[in-house]
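Working notes, structure below.
Every read-out reported here was derived from the displayed coordinates using simple, explicitly stated rules and does not represent laboratory data. Small disclaimer: the values here were computed from a predicted structure and weren't measured. Reconstructed Cβ throughout: ideal geometry from the backbone, glycine too, with neighbour counts over all protein chains shown.
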Amino acid sequence: MAKIIGGLGTSHIPAIGNAIHKGLQEQPYWKPFFDGFPPIRQWIALEKPDVMVIFYNDHGLNFFLDKMPTFAIGAAPQYVNSDEGWGIPSLEPLKGEIDLSWEIINSLIDKEFDVVTCQEMLVDHACSLPLKLFYPEGNYPVTVVPVCINTVQFPLPKASRVYALGKAVGAAVAAWNSDKKVAFVASGGLSHQLDGERAGFINKEFDLKFMESLISNPEWATQFSIHELVEKTGTQGVELLAWLAMRAALTAAQGSGVRKVHSNYHIPISNTATGVLALETF
């Protein structure tokens, strides 16, 4: 059976890609953010995952406001990056793990999750940037399964429903008849709001409490309604649902215990609170 080795969380602001492209990692504005990654890269190099299941939100490439699934899963041989123009100009396609995609899709539908199956799927910075941050040299040595969660158009899924989704995805991975090592990735957040009366909103206290809860009390955020989470994190800050799904997936790991490898929190980048977190299972 597949081995679940851990979970990774990172913000996915497009400007991060632009900073990578222009070589700005050591500039004072960017250095506190990029300094959060070397310990995580060391852990990845040691553990050598074969597959990454990426929980993320689409930014209008596949789904727009007129057609917005709550949950959608990629089942394609590759995922072509189609960045909006703010980040890295070009990136190689991400290689799909089709067998695992169908294992997850069939398992979720059997458990009464009505997911959209995507045998063709474009990806943007939400999928591409985490891999570029984890593997800055490029040529990603992993295959991927994208799991898209609606954090854009109401009605949004409740935190408890997203947690249940993550658990179900984790269970499907644990049951996958493979000897490959799998890591879960959460892409997005943390607190931020890009428009409206609260543009620029950041909630450091909540962000740090949320990141700590993923280690010690993973269901903590499920106590809040989706409207309460928007109030506490901002309209775009609800991307933290991806982090919740990632953590829930780790409950299916052998032993199901987790410990922190490394974390980093920095504000602001483009009016966004950025978080980085690596958890390993035991």
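For the pair Ser256 and His227, label points projected 7 Å from Cα toward Cβ lie 3.3 nm apart. Taking 0.36 nm per residue of sequence separation and removing the Cα-Cα distance, the Ile98/Ala15 pair yields an extension gain of 26.8 nm. Out of region 1-33, which chymotrypsin sites (Phe, Trp or Tyr not before Pro) are coil in DSSP terms and have no more than 11 other C-beta atoms within 10 Å? Answer in residue order: Tyr29. Note on Lys204 and Asn177: their simple-model spin labels are 5.3 nm apart, each label 7 Å out from Cα toward Cβ. Highest-first packing order for the peptide set 194-201, 53-60 is 53-60, 194-201, based on the mean count of other beta carbon atoms within 10 Å.
Applying a DSSP loop filter and a limit of 10 other Cβ atoms within 10 Å to the GluC sites (Glu not before Pro) in region 59-143 leaves Glu112, Glu137.
Ordering Ser256, Trp243, Ile20 by Cα displacement along the dipole of the chain toward the positive end leaves Ser256 in first place; charges were set at the Cβ atoms of Lys, Arg (+1) and Asp, Glu (-1). Shown for region 167-236 is the translational diffusion coefficient from the Stokes-Einstein equation, using the Kirkwood radius over Cα pairs, a temperature of 25 °C and a viscosity of 0.890 mPa s: 171 µm²/s. Stokes-Einstein diffusion for the chain, with the hydrodynamic radius set to the Kirkwood value over Cα pairs and evaluated at 25 °C in a medium of 0.890 mPa s, equals 134 µm²/s. For the listed peptides 147-155, 225-233, a ranking on the average number of other beta carbons within 10 Å per residue, highest first, reads 147-155, 225-233. What spacing in nm lies between the two simple spin-label points modelled at Glu112 and Gln25, each 7 Å away from Cα in the Cβ direction? Label at Glu112, label at Gln25, 4.8 nm between them.
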